[in-house]
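Trainee: Sending over a structure as structure tokens; questions will come in a sec.
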Amino acid sequence: MKNRLFIAFIIGTVLIVTVLAAKQGRWSETWKVPAYRQKGPASAPVVITEFSDFQCPICARARTTLEELTKRHEGKIVVVFRHYPLKSHRWSRLAASAAESAGAQGRFWDYQNLLFDRQKEWSETQDPRELFSQYAAYLGLDLKRFQSDLESGRWDKTVQRDVEAAQALQVKATPTFFFNKRRVVGDSQLKAFGEQFVELESGS
Amino acid sequence: MRPLPAYLALAGRLVVGGSLVVSGFTKLMLPPEELAMAMEAYRLIPLSMAVPFARALPWVELFVGAFLALGFMMRFSVPGALALFGMFLAALSSALIRGLNIADCGCFGRSHLTPSQAILMDSVFLVLLAIVLFDKQHFFSFDRWLQPSKDRKAPHRHV
């Protein structure tokens, strides 16, 4: 019996040490995003970093949940938007570039609202560029600049940096939120734990 | 010369135990919230339970799998593996029956196996486990090695 317990202890130790060693160093953070993708007071105690995909239906739903949460805790939360366009969504990367082009003109959040509100419309077209320009015109953006920014490919690196950050943080699904360092995946987890995490992180 | 079932049982132990080790280890490398999200799709456990369950399950898989592959404490590891695969099969079947749209079964972290493929795989594993359960030889196992030498010759029981 003693032998068995000793062997069980050895096997258990080997397993635990292997897992912990493999997990070591898998977490890295690079939180530098353009200021126009941050909403809320910079001194807010709770930084909610959202990894999202404009073509993902759950992300569109989660946006409403997040908005309600930030309204309820005004002043305590700063939301940081990060792109994580999934490969399975044909127009996600282009939509991210369109949002960046709007962001360069100071209307990132309005444009992301439009993208989510009209997600079905643009995601089902053969080529959404025309619709993206229409949304930009609707917001009164400088259309020439918007179109040239969108077509220039200048946002590819910006979007890719977010994707790499997501991968470094082992984000696998959208939307994924980080309440400071607490992770929440999907709209239902956001609804279930969002409130509690804001309170925990803000110390209220 | 050992009978064929003894070799089959050894192969079964290594395959099923190895799969559980890989599955548990892969899941442990992912944040538990990711696995919890995959679990949510089955709509079987409340959300408040999904994250704690997602934290515990991979460790159980890892330990049961390692013990099974090594043929150690088989009195517990074989029924443990049977219970795990029984649970997986029940969850997958209920999702299919209820017509839930589950693109990824959540097995092996994110394997992209559909529920039907996972049911097939788990069923094969259950058959292999049944062979292990009825095997009396425990060929190449810690349990056999730890037995007093006089007992090794006789057909033996689970220890």
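Trainee: Residues in region A:119-126: is at least one within 30 Å of A:Lys76 (Cα to Cα), more than 14 Å from chain B (Cβ to nearest Cβ) and not polar (S, T, N, Q)?
Mentor: Within region A:119-126, not a single residue is within 30 Å of A:Lys76 (Cα to Cα), more than 14 Å from chain B (Cβ to nearest Cβ) and not polar (S, T, N, Q).
Trainee: Between B:Leu47, B:Leu28, B:Leu57, B:Leu70, which is over 10 Å from the mean Cα position of the chain (by Cα), within 14 Å of chain A (Cβ to nearest Cβ) and closer than 23 Å to A:Lys191 by Cα?
Mentor: Of B:Leu47, B:Leu28, B:Leu57, B:Leu70, the one residue that is over 10 Å from the mean Cα position of the chain (by Cα), within 14 Å of chain A (Cβ to nearest Cβ) and closer than 23 Å to A:Lys191 by Cα is B:Leu47.
Trainee: Can you name the condition, by its number, that A:Leu115 falls short on among (1) closer than 30 Å to B:His112 by Cα; (2) touching a helix residue (DSSP H, G or I) at 6+ places or on another chain (Cβ under 6 Å); (3) modelled with pLDDT under 95?
Mentor: (3)
Trainee: Of everything in region A:13-30, what is at pLDDT 70 or above, surrounded by 10 or more Cβ atoms within 10 Å (Cβ to Cβ) and either more than 25 Å from B:Phe67 (Cβ to Cβ) or of a type in the set (A, V, I, L, M, F, W, C) (or both)? Give them in sequence order.
Mentor: Scanning region A:13-30 gives A:Val14, A:Leu15, A:Ile16, A:Val17, A:Val19, A:Leu20, A:Ala22.
Trainee: Another question about this same structure. For region A:1-107, please list each of the helices (runs of 4 or more DSSP H) lying entirely inside it that holds at least 3 residues being closer than 18 Å to A:Lys157 by Cα, touching a residue at least 60 places away in the same chain (Cβ under 8 Å) and away from every other protein chain (no Cβ under 12 Å).
Mentor: A:92-103
Trainee: Among the residues of region A:151-171, is there at least one that is within 18 Å of the chain's Cα centre (by Cα), charged (D, E, K, R), surrounded by 15 or more Cβ atoms within 10 Å (Cβ to Cβ) and under 30 Å from A:Ala44 (Cα atoms)?
Mentor: Checked against the condition, which is being within 18 Å of the chain's Cα centre (by Cα), charged (D, E, K, R), surrounded by 15 or more Cβ atoms within 10 Å (Cβ to Cβ) and under 30 Å from A:Ala44 (Cα atoms), region A:151-171 yields at least one hit.
Trainee: So, in region B:64-94, exactly how many residues are aliphatic (A, V, I, L, M) and not in a helix (DSSP H, G or I)?
Mentor: Total meeting the criteria: 1.
Trainee: Quick one: would you say B:Met37 is of a type in the set (A, V, I, L, M, F, W, C) and facing chain A (nearest Cβ under 10 Å)?
Mentor: Here the answer is yes, as B:Met37 does meet what is asked.
Trainee: Let me ask another. In region A:120-146, how many are touching a residue at least 40 places away in the same chain (Cβ under 8 Å) and either touching an Asp or Glu at 6+ places or on another chain (Cβ under 7 Å) or loosely packed, with under 12 Cβ neighbours inside 10 Å (or both)?
Mentor: Final tally of qualifying residues: 0.
Trainee: The conditions are (1) within 20 Å of A:Ser97 (Cβ to Cβ); (2) within 14 Å of chain B (Cβ to nearest Cβ); (3) at pLDDT 95 or above, and A:Ala136 fails exactly one of them. Which is it?
Mentor: Looking at each condition in turn, A:Ala136 falls short on (2).
Trainee: Would you call A:Phe177 under 24 Å from A:Trp91 (Cβ atoms), within 14 Å of another protein chain (Cβ to nearest Cβ), at pLDDT 95 or above and surrounded by 16 or more Cβ atoms within 10 Å (Cβ to Cβ)?
Mentor: Judged against the criteria, A:Phe177 is a match.
Trainee: Still on this structure, please answer the following. Quick one: would you say B:Leu20 is surrounded by fewer than 23 Cβ atoms within 10 Å (Cβ to Cβ), more than 9 Å from chain A (Cβ to nearest Cβ) and either within 17 Å of the chain's Cα centre (by Cα) or outside any helix (DSSP H, G or I) (or both)?
Mentor: no
The values are calculated or read from the model by the stated rules, or taken from the named source; none is laboratory data. The shown structure was predicted, so the numbers you read here are calculated from the model rather than taken from an experiment. All Cβ positions, even for glycine, are placed from backbone atoms using ideal geometry, and neighbour counts span all protein chains on display.
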